[in-house]
């Protein structure tokens, strides 16, 4: 039977730290910590060889952990002094905490950092924006991916407004061949990330609303936030039967098996679908609410890389990070991992048509990051956790949009005092 | 007649006896101290500290416990997890253990064929990885492609099907039953072993007196295995209040919907290791772990003083 869970957990972390210690780096070699174990192949076969063409003497080992364990394992290794030289940075507070503990170095002095806009760097800066501690690598864009065959069969086209969107969903529901909208609430974050944060920016005007929320000038009980909740609540009739128990993997399978028409998507899904789906796919940005003209997309800065302050080989680590700022790296990365979009200012040609469509929205719509990520998820209760919880409940019909806004704002008010 | 052990040790030189004791007990004590006692004490020590942003730790006494039990932000999820844990435990006590006893009773019937086969099959789920159990049941119960809805429809009960794992009202009980399915082999084996220990003469005498299988089980066998049943109950209690893996593998660390499946293990995990944007808080997490330890300790003490002492043991 299961015994002393605490001890087991402690032992696991210790074991991880020990394993990492055995493989600690020597001079001339670099080890990369990352949660992208899905991409290990691409790092080993494409990215690192491309780097080695210029710097044949620097040996690089890509050593990823499972995404769920990454933060805990990385912290244990950093505390134990056994972490790799290069640290893949989660956005915002997780990495900020590492910088504050002097476990990450600043990267402002690196060549090529001026190749990134302030928005691109925001996720890896101190609150005052003065110091950047990770080199931005990529962002992910939210939107809707659809089955082109299903659209042709039912005779509908990409909806531009929410009204059209609902008309399309209604048509699919009447037709009955496809699940109109693929999204589940079992894992909760789908409803928050691909629901609320996906269609929401149009309501709260992207970065402006996000900044107002942080400044305390807007509240989550304001009409624009409640309206976003109302919108996702109205999706319930169009979701697959038993969506309350539909996990993220279920959603991916449902769509890639051709049983769904529209998939509430993050661009990171593209590579999964490329491997599995046999039909043509298209993508459209979140449809506009009535009466709005500007469009906003969730273009969320997600991944970056910094230098372990305790690294013994910082010279080579800097060379690698400087190479990450080049268009050469951006092109390789964007095309090896369609759906992860480079953040450098130099435009990059993306071959994958769905990925190209999504990154093309940057030209017509304004980019914003998820509003719960910066500063607002620092206290207890944690806003992002709360957002997952209430978004899933709103879609499940267990919580009204008004009550959802109230619960979030009440939670925030308990610890967050905006700077006056 | 061989010499009794106490005589041998009494005649032994002190140093030699100490050496022997060290030889036999030393490794176990060392390993147990290193992997069980030390982590426990270290956890308790850590729970009296707090950390600041630069990574420094400061002693705060019992402040973490005050926050955990006194501040509604912490105490609400904590008591929610505790309540869910009680339900989780109750389902195991009311379903797992009676079924375990019944299966053991059936297995110990004289003349039952394929005993070994049944025993193995019923014990198999216990040996499966929790991740596999969670994954399989997720699939079985899936409203999209699970066999559960089809099976219910086949017998005309299709309307009873619901996405049980996703509903606030049923998710926790469903998960508890999955856990019951997985672990029912343990009470079965323990009680089966106890049943085998009952001397045949007792059973034969009862049969001569005219009792059937059913009454023999209830009036003869069951009272004789009561000590084992209470042991099983305690093991269930400890395992349930340390449970974590099944919930985590099926529902994730946020134990949805609306924390309906959050038990102390997942609450601890979220606190200690964090979740998505929530940063891990090792000191507060240690406080949660310490409280969990005391909950289990209190439960065990109650058992020892109220139950264990009153149990009559029978020597055959």
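Report whether or not residue B:283 is more than 10 Å from every other protein chain (Cβ to nearest Cβ) and touching a strand residue (DSSP E or B) at 6+ places or on another chain (Cβ under 6 Å). It is true that residue B:283 is more than 10 Å from every other protein chain (Cβ to nearest Cβ) and touching a strand residue (DSSP E or B) at 6+ places or on another chain (Cβ under 6 Å). Suppose the filter is over 20 Å from the mean Cα position of the chain (by Cα) and either buried (at least 18 other Cβ atoms within 10 Å of the Cβ) or touching a residue at least 60 places away in the same chain (Cβ under 8 Å) (or both); does residue B:146 pass it? Here the answer is yes, as residue B:146 does meet what is asked. Screening segment A:311-420 for helices (runs of 4 or more DSSP H) wholly inside it with 3 or more residues that are touching a strand residue (DSSP E or B) at 6+ places or on another chain (Cβ under 7 Å) and more than 28 Å from residue B:253 (Cβ to Cβ) returns the ranges A:314-324, A:327-336, A:353-364. Restrict the check to segment A:300-308 and report whether at least one residue is more than 22 Å from the chain's Cα centre (by Cα) and either modelled with pLDDT of 95 or more or outside any strand (DSSP E or B) (or both). Yes, because at least one residue in segment A:300-308 is more than 22 Å from the chain's Cα centre (by Cα) and either modelled with pLDDT of 95 or more or outside any strand (DSSP E or B) (or both).
Can you say whether residue B:162 is loosely packed, with under 12 Cβ neighbours inside 10 Å and over 30 Å from residue B:197 (Cα atoms), as far as the supplied structure shows? Here the answer is no, as residue B:162 does not meet what is asked. Scanning segment B:124-134 for residues that are surrounded by fewer than 16 Cβ atoms within 10 Å (Cβ to Cβ) and part of a helix (DSSP H, G or I) yields B:124, B:127, B:131, B:132. All conditions in (1) surrounded by 10 or more Cβ atoms within 10 Å (Cβ to Cβ); (2) within 14 Å of chain A (Cβ to nearest Cβ) hold for residue B:54, with the sole exception of (1).
Suppose the filter is assigned by TED's automatic domain parsing to the domain that holds residue A:133 and either under 30 Å from residue A:95 (Cα atoms) or outside any loop (DSSP other than H, G, I, E, B) (or both); does residue A:271 pass it? No, not satisfied. State yes or no: is residue A:195 modelled with pLDDT under 95 and farther than 24 Å from residue A:417 by Cα? Answer is no for this residue. Examine segment A:200-214 for a residue that is within 19 Å of the chain's Cα centre (by Cα), under 21 Å from residue A:241 (Cα atoms) and in the same structural domain as residue A:161 (by TED's automatic domain parsing), and state whether such a residue exists. No, segment A:200-214 contains no residue that is within 19 Å of the chain's Cα centre (by Cα), under 21 Å from residue A:241 (Cα atoms) and in the same structural domain as residue A:161 (by TED's automatic domain parsing).
Within segment A:360-402, the set of residues being without any contact (Cβ under 8 Å) to a residue 24 or more places away in the chain and out of contact with any helix residue (DSSP H, G or I) (no Cβ under 9 Å at 6 or more places or on another chain) comprises A:360, A:363. Counting only residues that are over 21 Å from residue A:319 (Cα atoms) and outside any helix (DSSP H, G or I), which one in segment A:56-89 is modelled with the lowest pLDDT? Going through the qualifying residues, I end up with A:66.
One line per residue, one yes/no per condition, for (1) touching a helix residue (DSSP H, G or I) at 6+ places or on another chain (Cβ under 7 Å); (2) assigned by TED's automatic domain parsing to the domain that holds residue B:237; (3) assigned to a loop (DSSP other than H, G, I, E, B); (4) closer than 25 Å to residue A:257 by Cβ:
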position: B:116; (1), (2), (3), (4): no, yes, no, no
position: B:137; (1), (2), (3), (4): yes, yes, no, yes
position: B:151; (1), (2), (3), (4): no, yes, no, yes
position: B:176; (1), (2), (3), (4): yes, yes, no, no
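Looking at the structure I just gave you, is residue A:419 under 18 Å from the mean Cα position of the chain (by Cα) and more than 11 Å from chain B (Cβ to nearest Cβ)? No; evaluated as a whole, the condition is false for this residue. Every listed requirement among (1) modelled with pLDDT under 90; (2) in a helix (DSSP H, G or I); (3) within 14 Å of another protein chain (Cβ to nearest Cβ) is met by residue B:214 save one, (3). Would you be able to say whether some residue in segment A:255-273 is crowded, with 23+ Cβ neighbours inside 10 Å, within 20 Å of residue A:156 (Cα to Cα), modelled with pLDDT of 95 or more and within 13 Å of another protein chain (Cβ to nearest Cβ)? Checking segment A:255-273: at least one residue is crowded, with 23+ Cβ neighbours inside 10 Å, within 20 Å of residue A:156 (Cα to Cα), modelled with pLDDT of 95 or more and within 13 Å of another protein chain (Cβ to nearest Cβ). Screening A:190, A:158, A:149, A:164 for residues that are buried (at least 24 other Cβ atoms within 10 Å of the Cβ) and either in contact (Cβ under 8 Å) with a residue 24 or more places away in the chain or within 21 Å of residue A:267 (Cβ to Cβ) (or both) leaves exactly one candidate, A:190.
The values are calculated or read from the model by the stated rules, or taken from the named source; none is laboratory data. Note that this is a predicted model, so its numbers are computed, not measured. Glycine gets a Cβ as well: all are built from the backbone with ideal geometry, and neighbour counts include every protein chain shown.
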